[in-house]
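Beneath this line is the structure, given in structure tokens, with notes to follow.
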Amino acid sequence: MTDLERYREMLVAGNEVMNLVGPASLPDYWNRHAFDSAQLLSLAPEASTWADLGAGAGLPGVVLAILLKDSPGSQVWLIDSQAKRIRFLNEVVSTLSLPAQVIHARAEDLALQVDIVTARACAPLDRLLQFAAPYRKRGAEALFLKGEKAEEEIAAARRSHRFDVEVLPSASDPRGRILRIRSSQRVA
């Protein structure tokens, strides 16, 4: 059994006792969760260190760690502030022997040096930019998975931040977008 399949089974079991992902999304795990997360690797093929902010169920961080498992020097930090999610993530990382470290903290309280900072279903873009600021100051590029309201979030975030964004189509969902943020600064 592959690690992605074992993770799917752990996600299904974990979702029965706590709200990790929308239950209706689980039948479409391979496209909606696994492929959606995995597509980030093609946007940063040289990246070996990743920080997943508000890691929650481990999407995209756990999927990235699974795919980077055989890449020497790769490391994914799974950061979340909720203890129940931390327990789930620790179990997944341990069971699958992933190149990942689970950190129980608020994302904005850390300043890890990573190649990429990412998030999915964590917060609106204006808050994500604040959460990612300490990582961005240390050179990280941001790749945020967003849904069909990405343009609205960009417009709202521009009221408090100045940033360069490249809006990329999601390969897993025609309504989804990936926001690549290379520079950002809070202005209000």
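The values are calculated or read from the model by the stated rules, or taken from the named source; none is laboratory data. Model, not experiment: these values are computed from the prediction. Cβ: placed from backbone, ideal geometry, glycine included. Neighbour counts: every protein chain shown. These accessible areas exclude ligands, DNA and RNA; they are computed on the full protein's heavy atoms, side chains included. Shrake-Rupley method; radii C 1.70, N 1.55, O 1.52, S 1.80 Å.
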In the chain the accessible area split gives carbon plus sulfur, as whole percent at 1.4 Å, a share of 48
Within the stretch 42-56, the residues whose backbone N lies under 18 Å from a label point placed 7 Å from the Cα of ALA83 along the Cα-to-Cβ direction are 56
One checks the Cα atoms of the chain and finds Rg and Dmax, in Å, of 15.5, 50
The stretch 84-188 accessible area per residue, 1.4 Å probe, protein heavy atoms, integer Å², reads 52
The aspartates and glutamates whose Cα lies under 13 Å from the Cα of LYS146, excluding any fewer than 8 residues away in the same chain, are ASP36, ASP126, GLU166, ASP173
Taking a straight Cα-to-Cα line shorter than 21 Å from LYS137, and setting aside same-chain lysines fewer than 8 residues away, one finds none
The answer for the stretch 1-64, accessible area per residue at 1.4 Å probe in Å², is 42
So, for the Cα atoms of the stretch 4-110, Rg and Dmax in Å stand at 12.9, 37
For the chain, the longest principal axis of the Cα atoms and the Cα long axis of helix 125-136 enclose an angle in degrees, to the nearest 10, of 80
So for the stretch 149-188, using the alpha carbon gyration tensor with a ≥ b ≥ c as root eigenvalues (a/c under 1.5 gives rounded; past that, a/b versus b/c decides prolate or oblate), I'd call it oblate
The rounded separation in angstrom of the Cα centers of the stretch 127-176 and the stretch 39-102 is 19
Looking only at lysines whose Cα falls under 25 Å of LYS149's and that sit 8 or more positions away or on another chain, we get none
Across 10 Å bins beginning at 0, the whole-percent shares of Cα-Cα pair distances in the stretch 103-144 come to 32, 61, 6
For the stretch 60-67, Karplus-derived ³J(HN,Hα) couplings (6.51, -1.76, 1.60; θ = phi - 60°; whole Hz; x for glycine and proline) come out as x, x, 5, 4, 4, 4, 4, 6
Output ordering of 67-74, 101-108 (per-residue mean of other Cβ within 10 Å, highest first) is 101-108, 67-74
For SER25 and LYS149, extending 7 Å from Cα along the Cα-Cβ vector and measuring point to point gives, in nm, a value of 1.4
